[in-house]
1. Counting each DSSP H run of 4 or more residues in chain B as -39500 (n - 2.57), what helix-only mean residue ellipticity at 222 nm follows after dividing by all residues, to the nearest 500 deg cm²/dmol?
2. Could you give the dipole magnitude of chain A about its Cα centre, charging the beta-carbon of Lys and Arg +1 and that of Asp and Glu -1, in debye to the nearest 20?
3. When Rg is the radius of gyration of the Cα atoms in chain A and Rh is its Kirkwood radius, what does Rg/Rh come to?
4. Enter the per residue convex hull volume of the protein assembly as shown, computed from alpha-carbon coordinates, in Å³ rounded to the nearest integer.
5. For residue B:254, which inter-copy label distances result when the label point lies 7 Å beyond Cα on the Cα-to-Cβ vector, reported in nm to one decimal and in ascending order?
6. Pairs of lysine in the range A:2-172 with Cα under 25 Å and at least 8 positions apart or on different chains: total?
7. What is the average number of partner chain Cβ atoms found within 10 Å of a Cβ in B:262-273?
8. Of all DSSP beta bridges in the range A:112-222, what percent run antiparallel (nearest 5)?
There are 2 protein chains.
Amino acid sequence: MKTGIIGLGLIGGSMAIDLRRRGFAEEVIGVEAEPVNASAALKIGLVDRIVSQEECVKESDIIVLAVPVGTASRLLPEVLDAISRSESGKTVIDVCSTKEQLVNVVRNHPARRRYVATHPMAGTEYSGPWAAMPGLFDGHACIICDPEDSDPQAVELIEELYNVLNMRTIEMPAVSHDVHTAYVSHISHITSFALALTVLDKEKDEKHIFDLASGGFSSTVRLAKSSPDMWTPILSQNRENVLHVMDTYIEKMNAFREAIAEGDEEKVRSLIEEANRIRRIIR
Amino acid sequence: MKTGIIGLGLIGGSMAIDLRRRGFAEEVIGVEAEPVNASAALKIGLVDRIVSQEECVKESDIIVLAVPVGTASRLLPEVLDAISRSESGKTVIDVCSTKEQLVNVVRNHPARRRYVATHPMAGTEYSGPWAAMPGLFDGHACIICDPEDSDPQAVELIEELYNVLNMRTIEMPAVSHDVHTAYVSHISHITSFALALTVLDKEKDEKHIFDLASGGFSSTVRLAKSSPDMWTPILSQNRENVLHVMDTYIEKMNAFREAIAEGDEEKVRSLIEEANRIRRIIR
């Protein structure tokens, strides 16, 4: 299976590594807009060749769009156009964190059924080809959105691809996907960004305050290193859901603030005890 | 050196393990108010004997108060009272996350100079004797507050104790300590608690939404498992600093909300880029 990956960052690069190492792709070709990244991806050995988008679509059986979701919204119709003009049998996927707007962009495209909307839920706070690593996807979930809008053979092939990446696939409407990711991913990033901004403000006055930063702080704030290229369009495309979750979050924060301000230890304790039930959800 | 530890939870228990394994304490005796925990601490082998507080103070060269800060405020004067009545040469430390109120409680105590206020900045989100582990403190910082209010020999001895635990000690006024910990520790816990409450609210309606929770979410929310017994008094004792940091945090959160609500992608991008500078502080 010849695989073309458009966007050789953390996700595209990590896919390239394991799809080839595990024998799913006999050749991986890549498209990368940023010359420094393209050159690095080639030198690191993520891909066999760097090609143009046109060549990539022409030569590949599977085309993976691994670019920020704003860019994906622009490229997906182009790639489907190119596929319409070529022989059939090619399959296109994206790997973006928001889905509703993306599937709407190509809802009536004649080649829509060759496209499978997917979201492999794995990653780190790092980006670019240097961040790519083997095993990134192992053991995580991958959401496949609106599979009924894709050809069954295309869905089957992509399930096989994610099977090779050791992911369990879950089917879900694009609309539900975006609600779910607002809760299990997007809000976590926003709380980390806000925490980073808070402590950086303080650091302006007291240079050495964070010599003390320990493990708990680091783990809470590490997502704040995440790339603006990736996250700006996500927060934009998933605006309504994200705002809804943020409003609940700000409400909870204010409840805490009020209980602390009033010295209401019983209330603080009961909020913490309630929060402790997060053990239902994470280990 | 005979060491007595009052409170055999995560911190007290972990100290017991390494102080003995590394030869600093030839015997470790413990006081534990909760019978189940006391019995566990003995069975696990954290301590050689469980004794009363009175016996502990009487028999030990070093007494470690490893209880929640509210309890420490009550016990510290009692322990110093007992020391005043006994032969000199005993040293008392606490290991709490807030310091200003605690040092104020014993500011004029006749045995004040035998007390060293310390905060070993290490821990996990787990609690109780079962959470104790070897190596917990290795490589972390330990703050020693107001060392000029303690006997130099007492400070020296405690520095040796933390040296055995592989911690680097930093001296700081209690007042500054509380400001710093509000930024590098307390606010992280509150943001995690609020995040947990937010997602748990949603889980009431959609039972399976969090099958998807991935690594980023887990690391952001894991501090929400922290013990209410420990955290209620911390947030109470450090109220003013914590409220100040929360206000900045809520301000940053609202700035994000406004930028997203207005679809101002440039503003969202610039907030994320600013937040990315957290790389100055954490690796």
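Just so it is clear, none of the values below were taken in a lab; they were calculated from the coordinates. Everything numeric here is computed off the predicted structure, so don't read it as measured data. Because the Cβ atoms are built from the backbone with ideal geometry, glycine has one as well, and the counts that use them run over all protein chains shown.
1. When only DSSP H runs of four or more count, the value is -15500 deg cm²/dmol.
2. About 360 debye.
3. Rg/Rh: 1.03.
4. 153
5. Spelled out, the distances from residue B:254's label point are 0.9 nm.
6. So the count of such lysine pairs works out to 6.
7. 5
8. Around 45 percent antiparallel, to the nearest 5.
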